[in-house]
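A short write-up of the structure that comes next.
The values are calculated or read from the model by the stated rules, or taken from the named source; none is laboratory data. A quick note: this is a predicted structure, and the numbers were derived from the prediction, not measured. Backbone-built Cβ (ideal geometry, glycine too); neighbour counts: all protein chains shown.
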Amino acid sequence: MTQRIAVLGATGSIGDSTLAILAAQSHQYEVYALSGHHRLDKLFALCQQFLPKRVSVPTAAVDDFAKRLSSAGLDIDVVGGEQGLIEIATDSQTDTVVAAIVGAAGLPSTLAAARAGKRILLANKEALVMAGKVMIDAVKTHHATLLPLDSEHNAIFQCLPSAIQQDNTQIHQSEHGVRKLWLTASGGPFLQQSFAQMQQASVAEAVKHPNWSMGQKISVDSATMMNKGLELIEACHLFDLPEDKINVVIHPQSIIHSMVEYSDGSFLAQLGSPDMKTPIAHALAYPNRIDSGSQPLDLYALSGLEFIEPDLQKFACLRLARQAMQAGTQATIVLNAANEVAVAAFLNGQVRLTDIANINEQALTDIQLPPLSAAADIEDILAIDQIARHLTDKLVMKLVQ
């Protein structure tokens, strides 16, 4: 039976990889819906190629995009804005939602998909960083399926016993013997450079990742290791473990994507070429396997694998992520919001790369909010997010002046 896929964030790098697999496996998958925000010319070309039934664009672009599709002879339903994304995510014809919208903007539609009981392939880590408990509760209550697309979380998922794959609360049962999870990190473009060199880094240098092809925001997060900090928070929720059970190790070759350490001394690791098509194909087909189209790993070509302990002074964002996870959900919301504002300021040339960690730390210190109640929902989470963004904007302005 053909599986109908909605790709939210279709014009980004995750969208590219996902659609490449779907095109190659068209006998198994139908591209039912797409969404895009900035690159509408690219989205239009994707509509011509895949002929989805529905497409979501920014609210202001709905009429023009619909006319453009009609002029090209394409009969595609066009919806707009956040509500349009939610409509697609909850559509009765949607079987699987690929949640690949970057940042907090992806949270409402991802949560809506969970509440609609959908199969969710999660690349939007902010959904769990900001609303981990709410998301996981929704998945369990509405019998949704949540499969991680991040290469690290997907690797851990593959290395866990099947009982935990089916129900992450099983990780606490001692017979499974999980001692720790190990998230691997590339170290980014500045691993071998000093902090002083990082201070002078240009945008072009910061977004030039040594191993992965990614968007600008996630590339900057990789350069500061905030990406790994957000992944640590995400892993806590995905695998129902406290942060002290999750270690981060720098592995510059990006061949081992993450590991599970067991109580008998065994380490299980998932290896592969640094290509996002591998974890995407795994999640699309789970529990089966399909050809991802990625370059097979050549074991004979591997000259050595390195493992390095992160320098938490140089990569302070990783330390801040642990602190935020310890402090609670309101702190992880603040950290995520502050980081998005700070990264945008760096990309706009307003602050230095190393200012990002300072801004994030100041935001965590200055923005003191009461703990979220057990009944907190998405409206409460987004309210904290907006407060944090507003106050972080002020912190950025102080640096710019």
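Tabulated data
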| read-out | value |
| --- | --- |
| When residues of segment 2-55 are limited to those that are touching an Asp or Glu at 6+ places or on another chain (Cβ under 6 Å) and among the polar types (S, T, N, Q), the one modelled with the highest pLDDT | 3 |
| Segment 47-79 - residue that is of a type outside the set (D, E, K, R) and farther than 23 Å from residue 22 by Cβ and, of those, surrounded by the fewest Cβ atoms within 10 Å (Cβ to Cβ) | 71 |
| Leading residue by the ranking (nearest to residue 376 (Cα to Cα)) among those in segment 325-345 that are buried (at least 24 other Cβ atoms within 10 Å of the Cβ) and of a type outside the set (A, V, I, L, M) | 332 |
| Tally, over segment 366-401, of residues that are free of Cβ contacts under 8 Å to residues at least 60 places away in the same chain and assigned to a helix (DSSP H, G or I) | 20 |
| Extreme residue, surrounded by the most Cβ atoms within 10 Å (Cβ to Cβ), among residues of segment 137-186 that are assigned to a helix (DSSP H, G or I) and touching a Pro at 6+ places or on another chain (Cβ under 7 Å) | 154 |
| Strands (runs of 3 or more DSSP E) wholly inside segment 1-76 that include at least 1 residues being free of Cβ contacts under 8 Å to residues at least 60 places away in the same chain | 29-35, 54-57 |
| Only one of 310, 296 that is part of a loop (DSSP other than H, G, I, E, B) and either in contact (Cβ under 8 Å) with a residue 60 or more places away in the chain or farther than 30 Å from residue 27 by Cβ (or both) | 310 |
| Flag if residue 356 is within 19 Å of residue 129 (Cβ to Cβ) and either aromatic (Phe, Trp, Tyr) or modelled with pLDDT under 95 (or both) | no |
| Selection status of residue 224, under 17 Å from residue 357 (Cα atoms), in contact (Cβ under 8 Å) with a residue 24 or more places away in the chain, crowded, with 22+ Cβ neighbours inside 10 Å and not assigned by TED's automatic domain parsing to the domain that holds residue 141 | yes |
